[in-house]
Amino acid sequence: MQLDPKMTVFELIALHPSAIDLFIKRRMFCVGCPTETFHTLEDVACIYGIALEQLLKELRSVINAQGRS
């Protein structure tokens, strides 16, 4: 699955609701935050001090697992 680092949290969750689990697990307060509509995945990785590629890898894993259920 191809994820765009410029995708907003809102766009991601709208397309892949299962991604919410990762944000909760990592204690990232993006879900429900007013800034989710304009913070990109790139922004979120920077804000939380996570390597962008690591975040994208974890998101792909969660999304792909949901698709197999």
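Every number in this text was worked out from the coordinates using simple rules, so none of it is lab data. Values in this document were obtained by computation on a predicted structure and should not be read as measured data. Methodologically, a virtual Cβ is constructed for each residue, glycine included, from the backbone with ideal geometry; neighbour enumeration extends over all protein chains shown.
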Site residue 61, offset 7 angstrom along Cα→Cβ, radius 18 Å on amide nitrogen, limited to region 19-43, gives 19-28
Kindly provide the pair-distance distribution of the chain built from C-alpha pairs, with 5 Å bins from 0 and whole-percent values in order of increasing distance. 3, 18, 33, 31, 12, 3, 0
The helix 52-68 Cα axis meets the longest alpha-carbon principal axis of the chain at an angle in degrees, between 0 and 90 and rounded to 10, of 40 degrees
Over the chain, what relative contact order in percent results from Cα pairs under 8 Å that are six or more residues apart? 43 percent
Under 13 Å from the Cβ of residue 39, count the other residues' Cβ atoms, weight Lys and Arg +1, Asp and Glu -1, and hand me the total. -3
